[in-house]
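Have a look at the structure below, then the notes.
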Amino acid sequence: MSRIHASTRTTVLDAAPTDRSLVRCTDLAMTYGAGNRAVVAVHSVTCMVEPGQRIAVTGPSGSGKSTLLHLMAGLVRHTSGALSWPGLGGSPAGRPGRVGVVFQGQSLLPALDVVENVQLPLLLAGADVGSARSAAVDALCLLGIGELASQLPEELSGGQAQRVAVARVLAARPRLILADEPTGQLDQDSAERVISVLLAAADELDAAVVVATHDEIVADRLAEHWRMRDGRLRPSAQDVERGNGDYR
Ligand code: ADP
Ligand code: MG
């Protein structure tokens, strides 16, 4: 992992073995491409997510929300700064354990039915077919969509497909759920239903939740608001009122 701009503070934080933070970003930056095609998507972001937190990340399109979530999931590599998952441990592949990502847009595999889509990550992680299937069915039932198990993605409404994508994440019982515009293509009723089941399931699993969203109604369902602009995290009006200008 890059330590180019890692500060003394980071070294101290990384050394704390009892730290429960699920993810910790210190002066984190991420640039796509190089030379005159370089795009700095995330600039010097310092933030952390603690167990049980409910965070909405808002901001205009292109402000870096997806990139920040992908960094926090260990899906893309940061360019500078430091990133760690003290409360989650690592995996053999160097990615954090027990992080689930609900991706922006349609993400179900069209050739697999609903229960096969939900159990696939568990099978890829080495679970046997029986336990993967039973965890998948449990997750679908938790979200109230057990009856969709044998449907194909093309047979689902947008709201149902997003609930299946949420079930796919929950089946692995994550401690941190990162949801990227999970309601982006839904009407308001479906959006509210999806965010309700996501938050209820997170309560059940005792998972922290970070949701990137454009939707104020969705954002208002989460207790804390982070605002991004031009790749930087800005304190929200709510935080400024509380006198809490950063996210450490
Ligand atoms: P948001 O989710 O807030 O819309 P993104 O994280 O997707 O923002 O994008 C932040 C910036 O990074 C934007 O300028 C976007 O065009 C750029 N970007 C995102 N993904 C890529 C990529 N794969 N290659 C090059 N630039 C990208
Ligand atoms: Mg995005």
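Only the coordinates and a few stated rules stand behind these numbers; no lab work does. As the structure is a prediction and not an experimental result, all values here were calculated from the model. All Cβ positions, glycine included, derive from the backbone under ideal geometry; neighbour counts span all protein chains shown.
Here segment 57-194 yields Rg over Rh of 0.98, to two decimals, using C-alpha coordinates and the Kirkwood radius.
Close amide-amide hydrogen proximity is noted between LEU22 and VAL49, GLU50, GLY87, each under 5 Å apart and 5 or more residues distant or on a separate chain (H modeled in the peptide plane; Pro and chain starts excluded). Here the chain is assigned +1 on the Cβ of each Lys and Arg and -1 on the Cβ of each Asp and Glu. Its dipole about the Cα centre then comes out at about 1100 debye. Rounded to 0.05, the FRET efficiency of the ARG20 and ASP220 pair, given R0 = 22 Å and the Cβ-Cβ distance, is 0.20.
Taking the alpha carbon gyration tensor of the chain, multiplying each eigenvalue by 5 and rooting it gives semi-axes of 30, 21, 17 Å, largest first. For helix 188-205, what angle does its Cα long axis make with the longest principal axis of the chain, in degrees from 0 to 90 and rounded to 10? The two axes meet at around 80 degrees.
Packing around the peptides 208-214, 77-83, taken as the average count of other Cβ atoms within 10 Å per residue, puts them in this order, highest first: 208-214, 77-83. Residues in segment 44-54 carry Karplus couplings, in order, of 6, 8, 10, 7, 8, 10, 9, x, x, 5, 10 Hz; the curve used is 6.51 cos²θ - 1.76 cosθ + 1.60 with θ = phi - 60°, and Gly or Pro positions show x. Compared with the alpha-carbon gap, the fully stretched path from ASP138 to ASP203 is longer by 21.9 nm at 0.36 nm per residue.
Proximity of backbone amide H atoms, modeled 1.01 Å from N, is registered between VAL57 and VAL211, ALA212, THR213, TRP226 at under 5 Å, excluding neighbours fewer than 5 places apart on the same chain.
DSSP beta bridges fully contained in segment 76-226 are about 10 percent antiparallel.
Toward the positive end of the charge dipole of the chain, with +1 on the Cβ of Lys and Arg and -1 on the Cβ of Asp and Glu, the farthest Cα among MET30, VAL197, THR213 is that of MET30. Percent of C-alpha pairs per 10 Å bin in segment 37-109, short distances first: 15, 48, 33, 4. Relative to the longest principal axis of the Cα atoms of the chain, the long axis of helix 158-170 makes an angle of roughly 70 degrees.
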